[in-house]
Amino acid sequence: MDRVYNFSAGPSTLPVEVLQEAAADMLNYKGCGMSVMEMSHRSQDFQDIIDAAESDLRDLMNIPDNYKVLFLQGGGTLQFSMVPINLLRNTKKADYIVTGNWANKAYQEATKFGDVIAAASSKDKNFTYIPKVGKDAFRKDADYVYITTNNTIYGTRYNYIPDTGDITLAADQSSNFLSEEYNVEDFGLIYAGAQKNVGPAGVTIVIIRDDLLGFAPESTPIYLDYKTHADKGSMYNTPPCYSIYIAGLTFKWIKKMGGVKGIEQHNIEQAEKLYSAIDNSSLFTCPVVKEDRSRMNAVFVTGDKDLDAKFVAEAREHGIVNIKGHRSVGGLRASIYNAMPDEGVDALIDFMKKFEMENK
Ligand SMILES: Cc1ncc(COP(=O)(O)O)c(C=O)c1O
């Protein structure tokens with residue numbers, strides 16, 4: 001069977017070259033006689049894999065030396081807990097910007113650990129925009145401010161970084177990690193689950209500034225203290241070895257694509273093409289305000305549930321899959337992460353036009 005165009009929000013499409021390289025290495029990784037899945041995490045071969053992955057990520061994101069890169073487990077969801085446990089280190093106050101389901105889950109979880117408020121939210125308009133906030137929106141003595149740079153379900157993206165002054169900024173970049181350039185120094189902590197732009201589910205990458213380490217309360221379970229992992233080079237316990245290996249291959253692929261800058265340009269072009277097809281259509285509409293539209297997850301609707309369902313079903317026949325909106329919002333969603341080929345976006349647009357003609 002030919003490969004389909006997979007618009008899944010995650011786990012999602014990976015670069016074919018990465019999958020081919022993994023396939024070639026499957027039984028005998030670089031002559032060592034075994035698969036990476038079978039390898040001790042204490043072996044030199046695996047140490048080389050994780051070291052290369054870290055070093056390539058540092059290059060790609062220009063990560064300064066005073067930041068640690070951690071490869072953890074537990075997905076984005078465990079970070080909803082680890083962030084407050086570790087970063088509520090003085091006043092135990094944190095200010096969250098709630099821009100969708102995942103931001104809200106992170107906020108709700110954080111309220112268990114301190115004096116945590118929603119400093120801003122876009123719930124009033126069903127999360128179809130990103131609130132524009134500055135320093136005044138936050139409590140001056142907050143330990144940190146938390147944002148979700150790309151909202152996977154609602155299809156929004158911050159087109160600016162909130163100025164938090166001296167307050168540490170923490171960001172969930174799960175669904176736009178490595179898809180656009182960021183200045184790491186604008187953040188005290190960045191995290192991202194791998195299963196969108198990086199590799200298979202199983203590894204979560206955390207980038208954290210050194211001075212934020214070491215403040216978890218003494219009762220903190222050892223795995224939940226970032227310092228545990230920072231002190232042991234992500235090898236306190238068995239790391240998600242295979243996911244780290246694929247992430248490493250993806251980092252090399254991004255380098256070949258012109259680095260994050262190159263990928264970002266490519267992502268802008270794909271997103272513009274898709275949104276312009278939606279905006280020029282008389283059947284489909286995008287509920288998100290133009291300036292806050294995600295370049296990774298394009299949300300759109302026909303306005304008729306049955307027609308949406310028909311679109312999803314017929315798209316499948318054209319090799320276009322996982323185009324259904326998240327179960328909490330319905331409608332349609334095309335996730336066009338880094339590895340989505342141009343042909344996939346073109347096929348989707350062609351099919352949208354055909355569907356519109358047939359269903360006017
Ligand atoms: C922005 C964002 N944050 C967090 C999560 C939760 O990630 P996980 O399923 O790895 O726990 C998701 C999942 O899609 C997400 O899109």
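The values are calculated or read from the model by the stated rules, or taken from the named source; none is laboratory data. Bear in mind that the values here come from a model prediction, so they are computed numbers and not experimental data. Neighbour counts run over all protein chains shown; Cβ positions are idealised from the backbone, glycine included. SASA here: full protein model, heavy atoms, side chains in, ligands and nucleic acids out. Shrake-Rupley method; radii C 1.70, N 1.55, O 1.52, S 1.80 Å.
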Quiz item: Is it the case that some residue within segment 196-203 is among the hydrophobic types (A, V, I, L, M, F, W, C), on the phi > 0 side of the Ramachandran plot and touching a strand residue (DSSP E or B) at 6+ places or on another chain (Cβ under 9 Å)?
Solution: no
Quiz prompt | Single unsatisfied condition, E180 versus (1) among the charged types (D, E, K, R); (2) open to solvent by 40 Å² or more (accessible area, probe 1.4 Å); (3) part of a loop (DSSP other than H, G, I, E, B); (4) within 27 Å of S243 (Cβ to Cβ) | solution = (2)
Quiz prompt | Residue among S81, S12, S55 that is touching a helix residue (DSSP H, G or I) at 6+ places or on another chain (Cβ under 7 Å) and small (G, A, S) | solution = S81
Quiz item: Can you tell me which residue in segment 229-258 is nearest to E218 (Cα to Cα), limited to those that are open to solvent by 20 Å² or more (accessible area, probe 1.4 Å) and of a type in the set (S, T, Y)?
Solution: Y236
Exercise. Please go through segment 140-171 and pick out each residue that is open to solvent by less than 50 Å² (accessible area, probe 1.4 Å), farther than 19 Å from N183 by Cα and more than 20 Å from the chain's Cα centre (by Cα).
Key: A142, D143
Self-check item: Restricting segment 271-286 to residues that are in contact (Cβ under 8 Å) with a residue 12 or more places away in the chain and within 11 Å of M352 (Cβ to Cβ), the residue that is surrounded by the fewest Cβ atoms within 10 Å (Cβ to Cβ)
Solution: S281
Practice problem: Taking F300 as the residue in question, decide whether it is open to solvent by 30 Å² or more (accessible area, probe 1.4 Å), in contact with a Leu (Cβ under 8 Å, 6 or more places away or on another chain) and not in a helix (DSSP H, G or I). | Solution: no
Quiz item: With segment 19-115 as the region, which helices (runs of 4 or more DSSP H) entirely inside it contain at least 2 residues that are within 16 Å of the ligand (Cβ to nearest atom) and either at negative phi or acidic (D, E) (or both)?
Solution: 75-87, 101-110
